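Participant: Okay, here's the structure, questions in a sec.
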Amino acid sequence: MSAILAALEEAGTVLDVGAGAGSYEPADRVVYAVEPSGEMVGQRGADAAPVVRAVAEALPVRDCAVDAALAVLTVHHWSDWRRGIAELRRVAPRRVVLAYDTRLHAEFWFVREYVPQIAELELSRPSAPDIAAELGADSMIPLPLPWDFTDGVFPAYWRRPEAYLTVRDTCSALAQAPREAVERGLARLRSDVADGTWREKHAELLELDEYDAGFRLIVSG
(Lines give C-alpha, C1' and ligand atoms only; values in the text may rest on other atoms or scores of the structure.)
Protein backbone atom coordinates (compact mmCIF):
# COMPACT_ATOMS: atom_id res chain seq x y z
CA MET A 1 0.00 0.00 0.00
CA SER A 2 2.86 2.39 0.74
CA ALA A 3 4.16 1.85 -2.80
CA ILE A 4 0.74 2.63 -4.25
CA LEU A 5 0.43 5.80 -2.18
CA ALA A 6 3.88 6.93 -3.28
CA ALA A 7 2.97 6.31 -6.93
CA LEU A 8 -0.24 8.32 -6.62
CA GLU A 9 1.84 11.28 -5.39
CA GLU A 10 -0.34 14.35 -4.78
CA ALA A 11 -3.41 13.11 -6.67
CA GLY A 12 -6.39 14.48 -4.76
CA THR A 13 -9.04 12.43 -6.57
CA VAL A 14 -8.63 8.77 -7.53
CA LEU A 15 -10.79 6.43 -9.59
CA ASP A 16 -10.31 2.84 -8.40
CA VAL A 17 -11.10 0.62 -11.38
CA GLY A 18 -11.95 -3.00 -10.69
CA ALA A 19 -12.05 -1.98 -7.06
CA GLY A 20 -13.35 -5.22 -5.57
CA ALA A 21 -13.89 -4.93 -1.84
CA GLY A 22 -11.73 -1.81 -1.66
CA SER A 23 -8.68 -3.36 -0.04
CA TYR A 24 -6.20 -0.97 -1.66
CA GLU A 25 -8.12 2.29 -1.67
CA PRO A 26 -6.23 5.22 -0.09
CA ALA A 27 -7.94 6.77 2.92
CA ASP A 28 -6.25 10.15 2.68
CA ARG A 29 -7.95 11.49 -0.47
CA VAL A 30 -11.20 11.39 -2.43
CA VAL A 31 -11.80 8.00 -4.06
CA TYR A 32 -14.50 6.84 -6.46
CA ALA A 33 -14.78 3.15 -7.25
CA VAL A 34 -15.88 1.13 -10.27
CA GLU A 35 -16.58 -2.60 -9.90
CA PRO A 36 -18.63 -4.88 -12.19
CA SER A 37 -19.35 -7.65 -9.67
CA GLY A 38 -22.36 -7.27 -7.42
CA GLU A 39 -20.89 -9.87 -5.11
CA MET A 40 -17.70 -7.86 -4.66
CA VAL A 41 -19.67 -4.63 -4.19
CA GLY A 42 -21.58 -6.37 -1.41
CA GLN A 43 -18.30 -7.05 0.39
CA ARG A 44 -17.34 -3.38 0.57
CA GLY A 45 -17.39 -1.87 4.04
CA ALA A 46 -19.69 0.91 5.13
CA ASP A 47 -16.78 3.37 5.08
CA ALA A 48 -15.56 2.34 1.61
CA ALA A 49 -15.54 4.78 -1.28
CA PRO A 50 -18.76 5.25 -3.28
CA VAL A 51 -18.99 2.64 -6.02
CA VAL A 52 -20.86 2.14 -9.28
CA ARG A 53 -21.17 -1.12 -11.18
CA ALA A 54 -19.39 -0.77 -14.51
CA VAL A 55 -16.58 -2.36 -16.51
CA ALA A 56 -13.13 -0.95 -17.18
CA GLU A 57 -13.74 -1.01 -20.92
CA ALA A 58 -16.54 1.59 -20.61
CA LEU A 59 -15.92 3.80 -17.60
CA PRO A 60 -18.88 6.07 -16.75
CA VAL A 61 -16.53 9.01 -16.21
CA ARG A 62 -15.75 12.16 -18.18
CA ASP A 63 -12.38 12.76 -19.82
CA CYS A 64 -9.73 13.80 -17.26
CA ALA A 65 -12.36 13.71 -14.50
CA VAL A 66 -9.91 12.57 -11.78
CA ASP A 67 -6.28 13.17 -10.96
CA ALA A 68 -5.33 9.50 -11.04
CA ALA A 69 -6.75 6.13 -12.07
CA LEU A 70 -5.82 3.11 -9.97
CA ALA A 71 -6.16 -0.54 -11.03
CA VAL A 72 -4.95 -3.20 -8.59
CA LEU A 73 -4.61 -6.81 -9.80
CA THR A 74 -7.58 -6.47 -12.10
CA VAL A 75 -6.35 -5.99 -15.69
CA HIS A 76 -5.95 -9.75 -16.23
CA HIS A 77 -9.70 -10.15 -15.55
CA TRP A 78 -10.81 -7.61 -18.18
CA SER A 79 -12.42 -8.95 -21.36
CA ASP A 80 -10.62 -6.38 -23.54
CA TRP A 81 -7.62 -5.18 -21.56
CA ARG A 82 -6.30 -2.81 -24.23
CA ARG A 83 -9.63 -1.01 -24.37
CA GLY A 84 -9.59 -0.81 -20.57
CA ILE A 85 -6.09 0.70 -20.61
CA ALA A 86 -7.28 3.27 -23.16
CA GLU A 87 -10.07 4.18 -20.75
CA LEU A 88 -7.57 4.69 -17.91
CA ARG A 89 -5.64 7.05 -20.14
CA ARG A 90 -8.82 8.90 -21.06
CA VAL A 91 -10.12 9.59 -17.56
CA ALA A 92 -6.91 10.51 -15.70
CA PRO A 93 -3.55 12.15 -16.44
CA ARG A 94 -1.83 9.76 -14.01
CA ARG A 95 -2.31 6.00 -14.04
CA VAL A 96 -1.13 3.49 -11.42
CA VAL A 97 -1.57 -0.19 -12.23
CA LEU A 98 -0.54 -3.18 -10.13
CA ALA A 99 -0.08 -6.20 -12.38
CA TYR A 100 2.31 -9.14 -12.68
CA ASP A 101 4.72 -10.75 -15.10
CA THR A 102 2.78 -13.81 -16.25
CA ARG A 103 6.00 -15.59 -17.23
CA LEU A 104 7.21 -15.58 -13.64
CA HIS A 105 3.83 -16.79 -12.42
CA ALA A 106 3.96 -19.63 -14.95
CA GLU A 107 7.42 -20.62 -13.68
CA PHE A 108 6.38 -20.56 -10.01
CA TRP A 109 7.24 -23.85 -8.26
CA PHE A 110 3.61 -24.69 -7.52
CA VAL A 111 2.75 -24.41 -11.21
CA ARG A 112 5.89 -26.10 -12.51
CA GLU A 113 5.79 -29.08 -10.15
CA TYR A 114 2.17 -29.58 -9.17
CA VAL A 115 -0.41 -27.98 -11.48
CA PRO A 116 1.31 -27.16 -14.79
CA GLN A 117 -2.10 -26.52 -16.36
CA ILE A 118 -2.11 -23.15 -14.60
CA ALA A 119 0.76 -22.01 -16.85
CA GLU A 120 -1.48 -22.00 -19.92
CA LEU A 121 -4.00 -19.82 -18.12
CA GLU A 122 -1.36 -17.40 -16.87
CA LEU A 123 0.40 -17.05 -20.21
CA SER A 124 -2.91 -16.23 -21.90
CA ARG A 125 -3.28 -13.14 -19.70
CA PRO A 126 -1.78 -9.68 -20.28
CA SER A 127 1.66 -9.50 -18.67
CA ALA A 128 3.06 -6.53 -16.78
CA PRO A 129 5.54 -5.56 -19.55
CA ASP A 130 2.71 -5.61 -22.12
CA ILE A 131 0.50 -3.49 -19.89
CA ALA A 132 3.37 -1.05 -19.30
CA ALA A 133 3.93 -0.67 -23.03
CA GLU A 134 0.23 -0.11 -23.74
CA LEU A 135 0.00 2.40 -20.90
CA GLY A 136 3.09 4.31 -21.99
CA ALA A 137 4.60 3.74 -18.57
CA ASP A 138 7.25 5.95 -17.05
CA SER A 139 8.30 3.29 -14.56
CA MET A 140 7.68 -0.33 -13.60
CA ILE A 141 8.60 -1.04 -9.98
CA PRO A 142 9.18 -4.61 -8.72
CA LEU A 143 7.20 -5.50 -5.59
CA PRO A 144 8.68 -8.64 -3.98
CA LEU A 145 6.41 -10.65 -1.69
CA PRO A 146 7.46 -10.97 1.97
CA TRP A 147 7.32 -14.54 3.22
CA ASP A 148 4.41 -13.75 5.57
CA PHE A 149 2.39 -11.64 3.12
CA THR A 150 -1.21 -11.46 4.33
CA ASP A 151 -2.97 -10.77 1.02
CA GLY A 152 -3.80 -14.19 -0.44
CA VAL A 153 -2.61 -13.62 -4.00
CA PHE A 154 -1.63 -16.82 -5.78
CA PRO A 155 2.14 -16.89 -5.05
CA ALA A 156 1.73 -15.40 -1.55
CA TYR A 157 2.51 -18.75 0.07
CA TRP A 158 5.80 -19.30 -1.76
CA ARG A 159 7.47 -20.26 1.55
CA ARG A 160 4.38 -21.78 3.17
CA PRO A 161 3.40 -24.69 0.89
CA GLU A 162 0.92 -26.17 3.35
CA ALA A 163 -1.32 -23.12 2.86
CA TYR A 164 -2.16 -24.22 -0.70
CA LEU A 165 -3.97 -27.22 0.76
CA THR A 166 -6.65 -24.92 2.21
CA VAL A 167 -6.98 -21.90 -0.12
CA ARG A 168 -8.06 -23.63 -3.33
CA ASP A 169 -11.49 -22.00 -3.62
CA THR A 170 -10.35 -18.50 -2.65
CA CYS A 171 -7.46 -18.28 -5.14
CA SER A 172 -8.48 -17.52 -8.73
CA ALA A 173 -5.53 -19.38 -10.27
CA LEU A 174 -6.63 -22.58 -8.52
CA ALA A 175 -10.35 -21.98 -8.87
CA GLN A 176 -10.07 -21.49 -12.64
CA ALA A 177 -7.73 -24.42 -13.31
CA PRO A 178 -9.18 -27.86 -14.18
CA ARG A 179 -10.54 -29.32 -10.95
CA GLU A 180 -9.04 -32.77 -11.51
CA ALA A 181 -5.58 -31.34 -12.18
CA VAL A 182 -5.74 -29.25 -9.02
CA GLU A 183 -6.85 -32.25 -6.96
CA ARG A 184 -3.95 -34.35 -8.29
CA GLY A 185 -1.45 -31.58 -7.70
CA LEU A 186 -2.64 -30.92 -4.17
CA ALA A 187 -2.46 -34.63 -3.35
CA ARG A 188 1.19 -34.70 -4.46
CA LEU A 189 1.92 -31.52 -2.55
CA ARG A 190 0.30 -32.91 0.60
CA SER A 191 2.52 -35.97 0.37
CA ASP A 192 5.67 -33.92 -0.34
CA VAL A 193 5.00 -31.62 2.61
CA ALA A 194 4.31 -34.53 4.94
CA ASP A 195 7.47 -36.51 4.14
CA GLY A 196 9.80 -33.50 3.83
CA THR A 197 10.30 -33.78 0.06
CA TRP A 198 9.15 -30.21 -0.59
CA ARG A 199 11.37 -28.80 2.15
CA GLU A 200 14.41 -30.67 0.83
CA LYS A 201 13.76 -29.62 -2.77
CA HIS A 202 13.18 -25.95 -1.91
CA ALA A 203 15.54 -25.43 1.00
CA GLU A 204 16.87 -22.22 -0.58
CA LEU A 205 13.43 -20.58 -0.35
CA LEU A 206 13.38 -21.11 3.40
CA GLU A 207 16.40 -18.82 3.66
CA LEU A 208 14.65 -15.90 1.92
CA ASP A 209 12.59 -13.16 3.53
CA GLU A 210 11.07 -12.02 0.24
CA TYR A 211 10.56 -13.44 -3.24
CA ASP A 212 10.03 -11.85 -6.64
CA ALA A 213 6.88 -13.49 -7.99
CA GLY A 214 6.60 -10.94 -10.79
CA PHE A 215 4.39 -8.26 -9.25
CA ARG A 216 5.03 -4.87 -10.78
CA LEU A 217 3.69 -1.41 -9.99
CA ILE A 218 3.30 0.38 -13.32
CA VAL A 219 3.18 4.16 -13.25
CA SER A 220 2.29 6.44 -16.14
CA GLY A 221 1.79 10.20 -16.41
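Participant: Please go through the range 104-118 and pick out each residue that is touching an Asp or Glu at 6+ places or on another chain (Cβ under 8 Å) and either open to solvent by 10 Å² or more (accessible area, probe 1.4 Å) or among the basic types (Lys, Arg) (or both).
Facilitator: If the condition is that a residue be touching an Asp or Glu at 6+ places or on another chain (Cβ under 8 Å) and either open to solvent by 10 Å² or more (accessible area, probe 1.4 Å) or among the basic types (Lys, Arg) (or both), then 104, 106 are the ones that fit.
Participant: Determine which member of the set 203, 213 is in a loop (DSSP other than H, G, I, E, B) and in contact (Cβ under 8 Å) with a residue 12 or more places away in the chain.
Facilitator: 213
Participant: Let me ask something else. Since residue 58 meets every condition but one in (1) exposed (fewer than 14 other Cβ atoms within 10 Å of the Cβ); (2) modelled with pLDDT under 95, which condition does it not meet?
Facilitator: (2)
Participant: Now a separate question. I'm checking my understanding of the structure. Among residues of the range 77-103 that are of a type in the set (D, E, K, R) and open to solvent by less than 30 Å² (accessible area, probe 1.4 Å), which one is nearest to residue 211 (Cα to Cα)? Working first, answer last.
Facilitator: Filtering the range 77-103 for residues of a type in the set (D, E, K, R) gives 80, 82-83, 87, 89-90, 94-95, 101, 103.
From the residues that got through so far, the ones that are open to solvent by less than 30 Å² (accessible area, probe 1.4 Å) too are 87, 95, 101.
Working: 87: 32, 95: 26, 101: 13 Å.
Per the criteria, the residue is 101.
Participant: Something else now. All but one of (1) over 23 Å from residue 22 (Cβ atoms); (2) open to solvent by less than 60 Å² (accessible area, probe 1.4 Å); (3) not polar (S, T, N, Q) hold for residue 140, so report the exception by its number.
Facilitator: (2)
Participant: Related question: For the range 62-76, what are the residues that are surrounded by fewer than 20 Cβ atoms within 10 Å (Cβ to Cβ) and small (Gly, Ala, Ser)?
Facilitator: The answer is 65, and nothing else.
Participant: What number of residues within the range 185-200 satisfy the criterion of being free of Cβ contacts under 8 Å to residues at least 40 places away in the same chain and either in a helix (DSSP H, G or I) or within 18 Å of residue 122 (Cβ to Cβ) (or both)?
Facilitator: 11
The values are calculated or read from the model by the stated rules, or taken from the named source; none is laboratory data. What you see is a predicted model, and the numbers here were worked out from it, not measured in a lab. As a convention, Cβ positions derive from the backbone with ideal geometry for all residues, glycine included, and neighbour counts pool all protein chains shown. With ligands, DNA and RNA removed, areas are computed over all heavy atoms of the protein, side chains included. Shrake-Rupley method; radii C 1.70, N 1.55, O 1.52, S 1.80 Å.
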